[in-house]
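Values quoted throughout were computed directly from the atomic coordinates according to the rules given, and no laboratory measurement underlies them. Source: prediction; values computed, not measured. Here Cβ is always computed from backbone atoms with ideal geometry, including for glycine, and neighbour counts include all displayed protein chains.
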Amino acid sequence: MNKLLFAILLTFLGTAAIAQVRGSQPRQTFAQPVPADSLSYLNPKDYIIGGVAVNGAKNLDKDVLIQISKLNKGDKISLPGDASANVIRNLWQQGLFDDVQLNIQKINLDTVYLEISVLERPRLSRLHITGIRKGEIEDIQKKLNDKTGKIVNENLLNTTTAIIKKHFHEKGFLNTTVDIKQRKDPGDANSVILDVAVDKHQKVKINEVIFEGNKAFKAATLKKFLKKTREKKFYNIFGSKKFKDDQYQEDKQTLVEKMQARGYRDAEIISDSVWKNDENTVNVKIKVFEGPKYYFGNVTFSGNSKYPTSTLVKILSIKKGDVFSEEELNKRLSGPTTNNDDVSSLYLNDGYLTYNSDAVQTRIYNDTVDLDIRIYEGPQYTINRVILKGNDVTNDKVALREIRTKPGQKFSKDLIIRSTRELSQLGNFDEQKIEPKPTNINPNEGTVDIVYNVVEKPSDQIELSGGFGGGQLVGTLGLTFNNFSLRNIFNLKAYKPLPKGDGQKLSLRGQANGKNYQNYSFTFSDPWFGGKKPIYFGLTAYTQLSSTGQYYAKTDPRYNYLRINGVGITLGKRLNWPDNYFQLNYSLNFDHYKLDNFTGYLFTNGTSYNIKLTQELSRNSLDAPIYPTQGSNIKFTIQVTPPYSLFNSTNYAIATPEQRYQFVEYHKWKFDAQWFTRITGKLVLMSQVRFGFLGTYNKLVGQSPFERFKLGGDGMQTYQFLQGSEIIGLRGYRNFSIVPVGSNYNPDTNPGSPIYNKYTLELRHPVIASQSATIFVEAFAEGGNVWNNFSQFNPFNVRRSAGIGARIFLPIFGLLGLDYGYGFDKIPGIPDANKGQFHFSIAQSLSGGFN
């Protein structure tokens, strides 16, 4: 009886489906009745596959599904058997289906016809993200764009959750939660919408960093090595206090390197842990092994034939007994060093492009390490070709004439660095993307090509603004074309909107308030006048009118009139001595002033002529024009007029102001200097000193009414009838409010002073540095003052201020600045001159210029 029941059970299993509940297990069924004994597991039969059909596939290729099933027409298959079960298993493992069935359509003698029936899983039509800001949603959707149209399964849900959490973990939101729910898409029956609810919670910061095992190093010192893993303390001004795992891993590596750099070559991290302190903070614990402190022993060189060992030892600057530091050793061998005085620079500047060195520790005894530095010099290379790529607007000759590496010269690292700087100084290319690259290195012939890859950036600028000054609204329109081409001025095809590409500069500016105030100026300059030598040529012209004549008659006391016309020409050349960063310029300018009842100068009526010759000696070694990190910018200027009083017949003892100032005479001396120093990372210190002195030839003539110095405020040449005066900013004070002690000048009618000095310290840190914009923030402290004569002059008696600010460089607008300064010193007679002051500036301080 038991045997009979067992046989019936086996027969039933052979003819029924290998059952599956939809969405859990696949199954095989047979579409038509078949004698039980012919499909029994006790008696499986071999069939030839006559054909395979696929049913239910909407988005998937049927032929691909048949290939996955491995059911090929003409193959033999044993039914029932493992082969049929494997078919379903292979398809199910793809994760694409909610149901898979293998059916027998019919059996014809020894031929079987099969059908694969599938129910596809739904696909993702879109993500609906909630709980975060619109900008954050857009950022996440960019990372999840490739998920649309994919099968919605556990893998998709897990991947989506992981991507969102990682996005916010990188920003310090370690407690981010993601809840995903599915709902059918009403527009597509086989698609679903994922509702993604994101809760960032608060940023997780670092409560405490704990060190164990440190004896030689204080915990405070080790914490300083962790640049991006900072405790939540008020004194940690720079560096993020958020915990980010990737930055933490980088900091651990940096920590070991810094310890090793101080002689502890065996230093390592034994263990570390991060645990939750409270809901919004974590603690970090790092256990270190310091080991003994090591020192350099004997240092030898081998493989060097070009330079003697004594020369290499001198450049290496490492002596026996110095604290052992692989970091310092590598820097002295391969750079970078501040002055490029490492061993690699010695070789690379002499053509040895393939130079290499390997410092081998030949002996370690007690606390001493002996080294053998093995030099591979290779052949000496000369430059075959210099290639420029990426200059779509700027003509080749404009860029190539600034490049210091020439065909036929020996390869030189210094000249490549200098060439990169000169290209950035043009202002036509994105300095962040100038990339020199040696290519086509031919060791047999000892030649190499140098390719300079550049990216053009917008260099033209527009100034469109309105301002309120002197009780009136003034409109300004300025256009500056920094890559102008004068030679194509009559070539209509070159207008885009003006001819470009020759590196010349054309500036047009107009400022007006109807008939009451008008100011128009024109400037043209060419740094390579004639195109063959670096001879600078500049031409300027301007005219200004200020008058109340449209309101008052000349007999009315309120009537005033001022007309100023000026024209100037400049010639200059680059110098090779004392070094090739120097420039010498000579300028000849003619200014004509006509005043009628006009205040603000030392006289109110008359005509005055200012004919001046200026010599400017400058040295600019800044590494970048917009955000310099190292180098200096120094200018020494002498400006003189003819000493008319020495050869004319005017009796200046009794002369009227009109006679005294008909021909202005003076000599003027100025010194301006900036130094940029990288403190750490991208943090830069700018130090600045300025001094100016306006002297006389004849005491009876007195000080010139023009070319004086006005100190205070934003330093902009705004609507204040200031032509003829030099404006120097001092943040934290009202414009032109710094006046000599004892004077009763009004800032609005301040004629200026003959002596001034100013000092500035400014910490700068970039926020954005890209082709489209450069933004940096700053904290400053500065001081300055003015005097009427040298008997009162005291360079340490200055008006002091401090504050913060930001600079935004947009190629089309130039440099925009916003500062808040606090002036610490009161100005007698001007109660609102100091304390808190906001200052706005535009188009100032380019190329590290002077505020």
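Sorted by mean Cβ packing within 10 Å, highest first, what order do the peptides 789-797, 677-685 take?
Highest-to-lowest ranking by the protection proxy: 677-685, 789-797.
Spelling out what I want: for every residue of the stretch 774-791, take phi, set θ = phi - 60°, compute 6.51 cos²θ - 1.76 cosθ + 1.60 (Karplus), and round to whole Hz; glycine and proline get x.
3J(HN,Hα) across the stretch 774-791, in whole Hz: 10, 10, 9, 9, 8, 10, 9, 9, 8, x, x, 7, 10, 9, 8, 7, 6, 5.
Would you work out the charge dipole size for the stretch 97-180 about its Cα centre, treating the Cβ of every Lys and Arg as +1 and the Cβ of every Asp and Glu as -1, and quote it to the nearest 20 debye?
I would put it at about 520 debye.
If you take every DSSP beta bridge whose two residues both sit in the chain, what share of them, in percent to the nearest 5, is antiparallel?
Counting only bridges with both partners in the chain, antiparallel ones make up about 85 percent.
Please identify the trypsin sites (Lys or Arg not before Pro) of the stretch 686-759 that satisfy two criteria: DSSP loop assignment and at most 11 other Cβ atoms within 10 Å. Which are they?
K699
Only helical DSSP H runs with n ≥ 4 go in: add -39500 (n - 2.57) per run for the chain, normalise by residue count and round the 222 nm mean residue ellipticity to 500 deg cm²/dmol.
Value at 222 nm, helices only: -4500 deg cm²/dmol.
Over the stretch 580-620, one equal point on each Cα, no solvent: what is log10 I(q)/I(0) by the Debye formula at q = 0.23, 0.27, 0.30 Å⁻¹?
-0.76, -0.89, -0.97
Just from the alpha-carbon atoms, what are the Rg and Dmax of the stretch 295-376 in angstroms?
Values for the stretch 295-376 (Cα only, Rg and Dmax): 12.3, 41 Å.
Pick out, from S687, Y759, I107, the residue whose Cα sits farthest towards the positive end of the charge dipole of the chain, with +1 on the Cβ of Lys and Arg and -1 on the Cβ of Asp and Glu.
After comparing all options, I get Y759.
For a quick protection proxy, order the peptides 275-287, 622-634 by their average other-Cβ count within 10 Å, most packed first.
Ranking the peptides 275-287, 622-634 by packing returns 622-634, 275-287.
5 Å is the cut-off here: which amide hydrogens, built 1.01 Å from N in the peptide plane, fall below it relative to A833, excluding neighbours closer than 5 in sequence?
It is I827, by chain and number.
Using amide H atoms built in the peptide plane, which far-off residues or other-chain residues are under 5 Å from Y666 H to H?
The answer is T641.
Ranked by Cβ crowding within 10 angstrom, fewest neighbours first, how are L124, L545 ordered?
Taking fewest neighbouring Cβ atoms as first place, the list is L545, L124.
What are the residues whose amide H is under 5 Å from the amide H of G303, where those residues sit 5 or more places off or on another chain and H is modelled from the backbone?
I375
Residue-wise, which Karplus ³J(HN,Hα) couplings in Hz belong to the stretch 805-817, taking 6.51 cos²θ - 1.76 cosθ + 1.60, θ = phi - 60°, and x for glycine or proline?
Values per residue, Gly and Pro as x: x, 8, 10, 10, 9, 10, x, 7, 10, x, 9, 10, x Hz.
What are the ³J(HN,Hα) values, in whole Hz, obtained from phi via the Karplus relation 6.51 cos²θ - 1.76 cosθ + 1.60 with θ = phi - 60°, for each residue of the stretch 515-523 in sequence order, with x given for Gly and Pro?
In residue order, the calculated couplings are 8, 6, 9, 9, 8, 10, 9, 9, 9 Hz.
How many percent of all Cα-Cα pairs in the stretch 288-440 sit more than 20 Å apart?
So the pairs more than 20 Å apart make up 58 percent of the total in the stretch 288-440.
Beyond 17 Å, what share of the Cα-Cα pairs of the stretch 205-289 is found? Please give it as a whole percent.
Tail of the P(r) past 17 Å holds 43 percent of the pairs.
Using the Cα centre of the chain as origin and beta-carbon charges of +1 (Lys, Arg) and -1 (Asp, Glu), tell me which of I830, W92, I373 is placed farthest towards the positive end of the dipole.
The one lying farthest along the dipole's positive direction is I830.
Rounding to the nearest 20 debye, state how big the charge dipole of the chain is about its Cα centre with +1 on each Lys and Arg Cβ and -1 on each Asp and Glu Cβ.
Result for the chain is approximately 1120 debye, rounded to the nearest 20.
What does the highest-first list of 428-436, 73-81 look like by mean Cβ count within 10 Å?
The packing order, highest mean first, is 428-436, 73-81.
Among all helices in the chain defined by DSSP H, which have a length of 27 Å or more along the axis from Cα atoms plus a Kyte-Doolittle mean of at least 0.0?
Taking the DSSP H segments of the chain (at least 27 Å long, mean hydropathy at least 0.0), we get none.
About the Cα centre, and with charges only on the beta carbon of Lys, Arg (+1) and Asp, Glu (-1), how big is the dipole of the stretch 205-289? Nearest 20 debye, please.
The dipole magnitude comes to about 400 debye.
Suppose R0 equals 60 Å; then what is the FRET efficiency for F647 and Y495 from their Cβ-Cβ distance, rounded to the nearest 0.05?
After rounding to 0.05, the efficiency reads 0.70.
Which value, in nm² and rounded to one decimal, describes the direction-averaged projected area of the C-alpha convex hull of the stretch 236-344?
Computing the convex hull of the Cα atoms and averaging its projections yields 9.8 nm².
What does the chain give for Rg and for Dmax, in Å, if only its C-alpha atoms count?
Answer for the chain, Rg first and Dmax second: 40.0, 151 Å.
Could you give me D for the stretch 123-199, from Stokes-Einstein at 37 °C and 0.692 mPa s, where the hydrodynamic radius is the Kirkwood radius over C-alpha pairs? Units µm² s⁻¹, please.
My calculation gives 258 µm²/s for D.
Arranged by the count of other C-beta atoms within 10 angstrom, fewest first, what order do S271, S801 take?
Listed from fewest to most nearby Cβ atoms, that is S271, S801.
Give the span of the stretch 469-510's Cα atoms along each principal axis, as three whole-Å numbers ordered largest to smallest.
Projected onto its principal axes, the Cα set of the stretch 469-510 covers 45, 18, 12 Å.
Using the count of nearby Cβ atoms within 10 Å as a rough guide to exposure, how do F173, F529, F676 rank from fewest to most?
F529, F173, F676
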